[in-house]
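Report on one structure; see the data block that follows.
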Amino acid sequence: MDYQVIRKPKTEGPQPEPQLPAPGASCDGSIWQALQEELSWLPGGFLNKAHECIDRHALGPLAGKTALIWEGKNGEIETYSFADLKRESDKFANVLLSLGVEKGDRLFMFMERVPELYIAFFGALKVGAVVGPLFSAFGPDPVRDRLADSGARILLTQPALRRRIAEVLPDLPRIQHVIVANKGSRDAEPLLAGDLSYEDLMSTAPVELEIAKTNMFDHSVMHYTSGTTGKPKGAVHCHQAIIQQYATGKWVLDLHEDDVYWCTADPGWVTGTSYGILAPWSNGVTQVVYEGGFKASAWYEVIERHKVTVWYTAPTAIRMLMKAGAEVPKHYDLSSLRHILSVGEPLNPEAIMWGLPVFKQPIHDSWWQTETGAILISNYASMDIRPGSMGKPIPGIQAGILDDHYNPLPAGRDGHLAIRPGWPSMFRTYWSDPEKYNSRFRKGWYITGDRAYCDEDGYFWFLGRTDDVINTTGHLVSPFEVESMLLEHPAVAEAGVIGKPDPLAMEVVKAFVALKDGYEPSDQLRREITGFARKKMAALVAPREIEFLPSLPKTRSGKIMRRLLKARELGLPEGDTSTLEED
Ligand code: ATP
Ligand code: MG
């Protein structure tokens, strides 16, 4: 790639010092030890995420500080202080105790991004339950599969969502209580027989609570992976993950006391929980939750209205903002933004270049997985970024590139991206699949399932999922690099690249392309894009075939599903499509 290194421009006025002065400052595990001291802990050496995120602030000088600015999809705005969140989550914990919920029980939430979700999340942690948030756009089958697999005992939901899954609830005998939150009168309706009303339960719940004595290895949160490469797996995290969620909130999100932070991910995906709940609040920072869905103008409005300073989003969202055009943001004052980050998929260099004039700063890529619980590799605020690179491992993390026998490779060589196990937010099991969990560890490394290389300066570059990397006449081709190159063409909005079996070359590169508004598929445009690709890349790795699609198949968390493109191309079964976003 021929992009320059980009340095974050100095903006006018006082700027907070970055929280992490030098990337790679310390790479041994002792750093985690030091960080433990920055948390409050419970008497007796117990650790609970709810205490670290809410109670310790509510019991100190931050009690009255705004923790949550909630903007509903109909424009309602509500604010909650840390003291409010403590009181409400204590009450919900008492509700759960009155229902007989015990440590280790699973409580799943099938909710929109409403305040009750956040209150219940902490209430559940306070009794030692394991919380599983589910994305509210799921249909009945994915909800049933996750509730059945996890053996959830309590389900918290809302009326319309409750109706959507009515047909599958009888298949779930282990669910003892369904609690329905009406969220005021918005979609209030009579409860179904057997359901409990959140509002009724809360109205009589006591406020006094003694938080459960959870230890750092007790399970706290579980999330099913995005299903990009296959059937989603239930990754389980412990309370001690908060150490790293707190640390990366400081180092990578660069959160400071006066920040207003917005994470666009839904808590149904790990980003929306680790960075839409735990990291900001363990740092005592005000965060915005926007209940509405994606619309470019609405998103810019959220930034302007709430004066968002730190913004964590995803490549798919940035590509959608790009698709809406560079004129739209000109109508909004985005000058409050001082740090922008992305995660979930590789961040195409073109997206960073597009963002430079719009946001007056680069977007910082960060890499992690549901399994890792928190960011492991990233571009820090204080660091020069190389567009297309995921950045460097955070202090305390040792990342390596391994060959097919899981032995380390030198700089510059492609291989399996792997991490030395033992970081605080590491998953502790795949729920009900310990064998699969064990299979992820080899020769003292956690194997991530991604392919990457590390350059001489220690920057990591993502190449693709292990299963997606293309082998054409003995050369390994990174789908990400081909896709990023295609995005540089003015007509291309999205690109997904696969290897198509070929008797001579083993595989040839095939690209699926969705066009920007205002462009129509034609043979001429196909020829033009093919020519453009050949100019930019060696003919061998440039796509041999280009097919236009109205849009690419994506997971509900916005990731391009290359395995589906491939299965459809080859006429093979589609496999698990529970997280496929319907058009
Ligand atoms: P599944 O494991 O079910 O196939 P998934 O891997 O997409 O789904 P997640 O845990 O949500 O589920 O996503 C983690 C993956 O997302 C990473 O392994 C990587 O492939 C991709 N990813 C995340 N951040 C980045 C990034 N900054 N650059 C490149 N890829 C990224
Ligand atoms: Mg994965």
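The values are calculated or read from the model by the stated rules, or taken from the named source; none is laboratory data. It should be emphasised that the depicted structure is a prediction, and the values quoted were computed from it without experimental measurement. Please note: Cβ atoms are built from the backbone with ideal geometry, for glycine as well, and neighbour counts cover all protein chains shown. Surface accessibility is based on the protein's heavy atoms, side chains included, excluding ligands, DNA and RNA. Shrake-Rupley method; radii C 1.70, N 1.55, O 1.52, S 1.80 Å.
Return a yes/no flag: does region 472-479 have any residue that is within 16 Å of ligand 2 (Cβ to nearest atom) and closer than 22 Å to D365 by Cβ.
Checking region 472-479: at least one residue is within 16 Å of ligand 2 (Cβ to nearest atom) and closer than 22 Å to D365 by Cβ.
Among the candidates A279, A296, single out the residue that is surrounded by fewer than 24 Cβ atoms within 10 Å (Cβ to Cβ), among the hydrophobic types (A, V, I, L, M, F, W, C) and touching a residue at least 24 places away in the same chain (Cβ under 8 Å).
A296
Which one is farthest from G391 (Cα to Cα), of the residues in region 321-361 that are open to solvent by less than 20 Å² (accessible area, probe 1.4 Å) and assigned to a helix (DSSP H, G or I)?
P329
Let's see how each residue does on (1) open to solvent by less than 10 Å² (accessible area, probe 1.4 Å); (2) touching a Lys or Arg at 6+ places or on another chain (Cβ under 6 Å); (3) closer than 9 Å to P543 by Cβ:
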| position | (1), (2), (3) |
| --- | --- |
| V482 | yes, no, yes |
| L487 | no, no, no |
| P490 | no, no, no |
| V497 | yes, no, yes |
| K500 | no, yes, no |
| P503 | no, no, no |
| M506 | no, no, no |
| L515 | no, no, no |
| G518 | no, no, no |
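Name the residue, out of L161, L156, that is out of contact with any helix residue (DSSP H, G or I) (no Cβ under 8 Å at 6 or more places or on another chain) and open to solvent by less than 10 Å² (accessible area, probe 1.4 Å).
L161
Please verify whether region 222-238 includes one or more residues that are hydroxyl-bearing (S, T, Y), over 14 Å from the mean Cα position of the chain (by Cα) and either more than 16 Å from ligand 2 (Cβ to nearest atom) or open to solvent by less than 10 Å² (accessible area, probe 1.4 Å) (or both).
There is no residue in region 222-238 that is hydroxyl-bearing (S, T, Y), over 14 Å from the mean Cα position of the chain (by Cα) and either more than 16 Å from ligand 2 (Cβ to nearest atom) or open to solvent by less than 10 Å² (accessible area, probe 1.4 Å) (or both).
Kindly provide the set of residues from region 201-221 that are touching a residue at least 24 places away in the same chain (Cβ under 8 Å) and not in a loop (DSSP other than H, G, I, E, B), ordered by number.
Those that are touching a residue at least 24 places away in the same chain (Cβ under 8 Å) and not in a loop (DSSP other than H, G, I, E, B): L201, M202, H219, S220, V221.
Conditions (1) more than 29 Å from S342 (Cα to Cα); (2) modelled with pLDDT of 90 or more, marked per residue:
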position: R526; (1), (2): yes, yes
position: A539; (1), (2): yes, no
position: E545; (1), (2): yes, yes
position: L549; (1), (2): no, yes
position: P553; (1), (2): no, yes
position: G571; (1), (2): yes, yes
position: G575; (1), (2): no, yes
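Would you mind stating whether S274 is among the polar types (S, T, N, Q), open to solvent by 10 Å² or more (accessible area, probe 1.4 Å) and either within 16 Å of ligand 2 (Cβ to nearest atom) or not in a loop (DSSP other than H, G, I, E, B) (or both)?
Answer is no for this residue.
Conditions first: (1) touching a Phe, Trp or Tyr at 6+ places or on another chain (Cβ under 7 Å); (2) without any contact (Cβ under 8 Å) to a residue 40 or more places away in the chain; (3) of a type in the set (A, V, I, L, M, F, W, C). F135 passes all but one, so which condition is the exception?
Checking F135 against (1) touching a Phe, Trp or Tyr at 6+ places or on another chain (Cβ under 7 Å); (2) without any contact (Cβ under 8 Å) to a residue 40 or more places away in the chain; (3) of a type in the set (A, V, I, L, M, F, W, C), the one that fails is (2).
List the pairs whose first member sits in region 223-236 and is over 11 Å from S150 (Cβ atoms) and among the basic types (K, R), whose second member is part of a strand (DSSP E or B) and more than 8 Å from ligand 1 (Cβ to nearest atom), and whose Cβ atoms are under 6 Å apart, counting only residues at least 6 apart or on separate chains?
Taking only residues 6 or more apart or on different chains, the pairs are K233/Y430.
Here's the yes/no breakdown for (1) without any contact (Cβ under 8 Å) to a residue 12 or more places away in the chain; (2) farther than 30 Å from T229 by Cβ; (3) away from ligand 2 (no atom under 16 Å from the Cβ):
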residue: E304; (1), (2), (3): no, yes, yes
residue: W311; (1), (2), (3): no, no, yes
residue: A317; (1), (2), (3): no, no, yes
residue: M322; (1), (2), (3): no, no, yes
residue: H331; (1), (2), (3): no, yes, yes
residue: L334; (1), (2), (3): no, yes, yes
residue: P357; (1), (2), (3): no, yes, yes
residue: T372; (1), (2), (3): no, no, no
residue: I377; (1), (2), (3): no, no, no
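Going by what's in this entry, would P410 be described as under 21 Å from the mean Cα position of the chain (by Cα) and either part of a loop (DSSP other than H, G, I, E, B) or more than 15 Å from ligand 1 (Cβ to nearest atom) (or both)?
no
Among the numbered criteria (1) under 17 Å from V270 (Cα atoms); (2) out of contact with any Phe, Trp or Tyr (no Cβ under 8 Å at 6 or more places or on another chain); (3) not small (G, A, S), which one does F110 miss?
(2)
Return the total of residues in region 222-249 being outside any loop (DSSP other than H, G, I, E, B) and not aliphatic (A, V, I, L, M).
Matching residues across region 222-249 total 10.
Within region 434-464, track down each residue that is closer than 15 Å to E371 by Cα and within 9 Å of ligand 1 (Cβ to nearest atom).
Across region 434-464, the qualifying residues are T448, G449, D450.
On the given criteria, is G194 more than 16 Å from ligand 2 (Cβ to nearest atom) and open to solvent by less than 40 Å² (accessible area, probe 1.4 Å)?
No, not satisfied.
Taking only pairs six or more apart or across chains, which ones have beta-carbon atoms under 6 Å, a first residue in region 46-74 that is within 19 Å of G128 (Cβ to Cβ), and a second residue that is among the small types (G, A, S) and assigned to a loop (DSSP other than H, G, I, E, B)?
R56/S40
Which strands (runs of 3 or more DSSP E) sit wholly inside region 431-492 and have at least 3 residues that are under 28 Å from G355 (Cα atoms)?
In region 431-492, the matching strands (runs of 3 or more DSSP E) lie at 445-454, 460-465.
Out of all the residues in region 421-433, is one or more at pLDDT 95 or above, open to solvent by 60 Å² or more (accessible area, probe 1.4 Å) and more than 24 Å from T248 (Cα to Cα)?
No, the conditions are met nowhere in region 421-433.
Of the residues R556, R527, which single one is of a type in the set (K, R) and touching a Leu at 6+ places or on another chain (Cβ under 8 Å)?
R556
Would you check which residues across region 529-575 are under 21 Å from the mean Cα position of the chain (by Cα) and either more than 16 Å from ligand 2 (Cβ to nearest atom) or open to solvent by 40 Å² or more (accessible area, probe 1.4 Å) (or both) and list them?
L552, P553, R556, R563
Only residues that are touching a Gly at 6+ places or on another chain (Cβ under 8 Å), more than 13 Å from ligand 1 (Cβ to nearest atom) and more than 22 Å from A279 (Cα to Cα): list them for region 312-361, please.
The one that is touching a Gly at 6+ places or on another chain (Cβ under 8 Å), more than 13 Å from ligand 1 (Cβ to nearest atom) and more than 22 Å from A279 (Cα to Cα): Q361.
Just the residues that are part of a strand (DSSP E or B), open to solvent by 10 Å² or more (accessible area, probe 1.4 Å) and of a type in the set (G, A, S), please, taken from region 362-386.
Result: no residue meets the conditions.
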